[in-house]
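Chemist: Got a structure for you, questions after.
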Amino acid sequence: EEFGLRRDLGLCASISLSGGVMVGSGIFISAQWVLVYSGSVGMSLLIWLLCAVVSIFVALVSAELTLTYGKCGGHYMFMLKTLGPMMAFATSWLGFLVMSPVVFGIQTLALAAYILEPIFPGCSEREDVKVLQKILGVDLLVFMNMMSARVAALVQIVFTVGKGLALAMIIITGV
């Protein structure tokens, strides 16, 4: 078998991957705190609207930069073209060392709150369970990605559909 980049993701998996990145698990954790600290439903909706507008502007800037440079690479490519290789390298490593662990931490908190808590009440309160759960959650994600892109894509599709259904249920019921 030849070593190299294989293109194993189909349309559905690619859409799910993009949707999963755009609608992260943080929205399910932060929603209650936005409501609690804003003091009213109207203010929390205004905050969410402001966040949506900022996100749209960030997406438009990213799209414009991608079209301008005409190359793949995301933030690394943007930094490389504008500030040089040292800043591009630093940005990539900071993303890897800071952002990735934070994202995995938020995902495992969501896992505890919405999947494990109903099955094992009180598990999200214990610190040792949180640490074990984070380790197992990251290990599971790494293992699935190592096994095959198709397995990881299938899991991504399931999670994206689950997020979509959860958001639809929240919107429809108004909870």
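The values are calculated or read from the model by the stated rules, or taken from the named source; none is laboratory data. These figures come from a predicted structure and were not determined experimentally. Backbone-built Cβ (ideal geometry, glycine too); neighbour counts: all protein chains shown.
Chemist: With respect to G70, is the statement that it is of a type outside the set (S, T, Y), loosely packed, with under 15 Cβ neighbours inside 10 Å, more than 30 Å from I135 (Cα to Cα) and at pLDDT below 90 true? Don't jump to the end; show me each part of the working.
Modeler: On the way: of a type outside the set (S, T, Y): yes; loosely packed, with under 15 Cβ neighbours inside 10 Å: yes; more than 30 Å from I135 (Cα to Cα): yes; at pLDDT below 90: yes.
For G70, the condition - of a type outside the set (S, T, Y), loosely packed, with under 15 Cβ neighbours inside 10 Å, more than 30 Å from I135 (Cα to Cα) and at pLDDT below 90 - is met.
Chemist: If E64 meets every condition in (1) surrounded by 11 or more Cβ atoms within 10 Å (Cβ to Cβ); (2) of a type in the set (D, E); (3) modelled with pLDDT of 80 or more apart from one, which number is that one?
Modeler: The failed condition is (1).
Chemist: Check I47, I27, I56 and return the single one that is at pLDDT 90 or above and surrounded by 11 or more Cβ atoms within 10 Å (Cβ to Cβ).
Modeler: Working: I27 fails: at pLDDT 90 or above; I56 fails: surrounded by 11 or more Cβ atoms within 10 Å (Cβ to Cβ).
Being at pLDDT 90 or above and surrounded by 11 or more Cβ atoms within 10 Å (Cβ to Cβ) holds for just one of I47, I27, I56, which is I47.
Chemist: Right, something else. Of all residues in the stretch 73-117 being in contact with a helix residue (DSSP H, G or I) (Cβ under 6 Å, 6 or more places away or on another chain) and of a type in the set (S, T, Y), which is modelled with the lowest pLDDT?
Modeler: T108
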